[in-house]
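Quick notes on the structure that follows.
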Amino acid sequence: MLNIVLFGPPGAGKGTQSERLIERYGLVHLSTGDIFRANIKGETELGVLAKSFMDEGKLVPDEVTINMLRTEVLKHENPKGFIFDGFPRTNAQAQALDILLEGLNAPITMMLALEVEESELKIRLMKRAESSGRVDDADPAIIENRIRVYNNETAPVKEFYMAQNKFKSIDGIGSIDGITQRLFETIEKD
Ligand code: ADP
């Protein structure tokens with residue numbers, strides 16, 4: 001199985017690039033943000049809970065997120081692989097993911113980290129707010145909060161995969177197609 005963690009700060013382009021990767025490699029796309037938003041739309045119990053954190057730019061608690069992700073992974077029989085988008089966002093989530101995948105005999109192949117500087121992220125998120133309708137994209141204070149959470153809690157997850165020799169850094173600045181090419185090359189030379 002090809003199991004990829006697509007990593008990067010809010011606005012790095014994970015969603016856009018995920019679409020290209022699933023198309024080329026036939027992977028199952030699991031975006032925790034998308035799953036939470038679908039639950040919010042469906043007004044499920046999980047959605048109501050997640051919304052209270054997401055609207056403030058905070059992380060949904062690990063236990064809730066990990067249980068949700070586990071359920072999603074186990075829904076798929078004989079997948080070619082997964083692309084994890086927006087997960088893991090904490091070291092506890094990364095550990096839980098390793099344990100889950102160990103049980104399936106299908107470890108993470110690599111982490112692909114899209115690197116984009118902070119000033120560019122803020123511009124992209126403000127622009128996205130015009131079309132996404134996302135509460136957490138519209139308010140500069142909430143964007144600041146998400147970037148702070150990323151730097152404090154999520155960025156350290158890179159080291160988790162570095163320690164396993166699975167970390168690959170990708171320049172996330174440039175044309176969408178150019179970034180896709182860099183991702184393909186990195187996956188295929190592995
Ligand atoms: P972005 O990458 O632009 O921040 P996402 O759609 O990945 O957007 O995430 C939106 C929000 O959903 C996050 O700010 C957080 O509140 C919640 N969320 C998504 N994934 C996770 C996760 N793995 N752990 C905790 N909260 C999460």
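The values are calculated or read from the model by the stated rules, or taken from the named source; none is laboratory data. These numbers were taken from a predicted model, which means no experiment stands behind them. We place every Cβ from the backbone using ideal geometry, glycine too, and count neighbours over all the protein chains shown. Calculation scope for accessible area: heavy atoms of the full protein, side chains included, ligands and nucleic acids excluded. Shrake-Rupley method; radii C 1.70, N 1.55, O 1.52, S 1.80 Å.
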- What's the percent breakdown of Cα-Cα distances in the range 1-94 across 10 Å bins, shortest bin first? 15, 49, 32, 4
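If the only charges are +1 at each Lys and Arg Cβ and -1 at each Asp and Glu Cβ, what is the size of the charge dipole of the chain around the Cα centre, to the nearest 20 debye? If you can, show how the numbers build up before the last one.
Values: 23 positive and 30 negative charges, 41 e Å.
For the chain, the charge dipole is close to 200 debye.
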- Surface per residue (accessible, 1.4 Å probe) for the range 1-153, Å²: 50 Å²
- Which whole-percent values make up P(r) of the range 106-187 when all C-alpha to C-alpha distances are grouped in 10 Å steps starting at zero? 16, 38, 36, 11
- For the range 42-187, what is the relative contact order in percent, using Cα pairs closer than 8 Å and at least 6 residues apart in sequence? 31 percent
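Over 29 Å between C-alpha atoms is what I'm after, so list which of Lys41/Lys189; Lys122/Lys168; Lys58/Lys127 land there.
Working: Lys41/Lys189 40 Å; Lys122/Lys168 24 Å; Lys58/Lys127 21 Å.
As for pairs spanning more than 29 Å Cα to Cα, those are Lys41/Lys189.
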- Note on the structure: Carbon/sulfur accessible area of the range 1-53, % of total, 1.4 Å probe, equals 52 percent
- Note on the structure: Among His76, Leu125, Asn152, the residue whose Cα sits farthest towards the positive end of the charge dipole of the chain (+1 at Cβ of Lys and Arg, -1 at Cβ of Asp and Glu, taken about the Cα centre) is His76
- Item | Most fluctuating residue given options Ser18, Ser52, Ser175, as computed from a GNM of the chain linking Cα atoms under 10 Å | Ser175
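Classify the range 51-190 from the C-alpha gyration tensor, please: rounded if a/c falls under 1.5, else prolate or oblate depending on whether a/b exceeds b/c. Each step should come with its number before you reach the end.
On the way: a/c = 1.77, a/b = 1.24, b/c = 1.43.
Oblate, because a/c is 1.5 or more while a/b does not exceed b/c.
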- Among residues other than Thr16 whose Cβ falls under 11 Å from its Cβ, what is the net charge (Lys/Arg +1, Asp/Glu -1)? +1
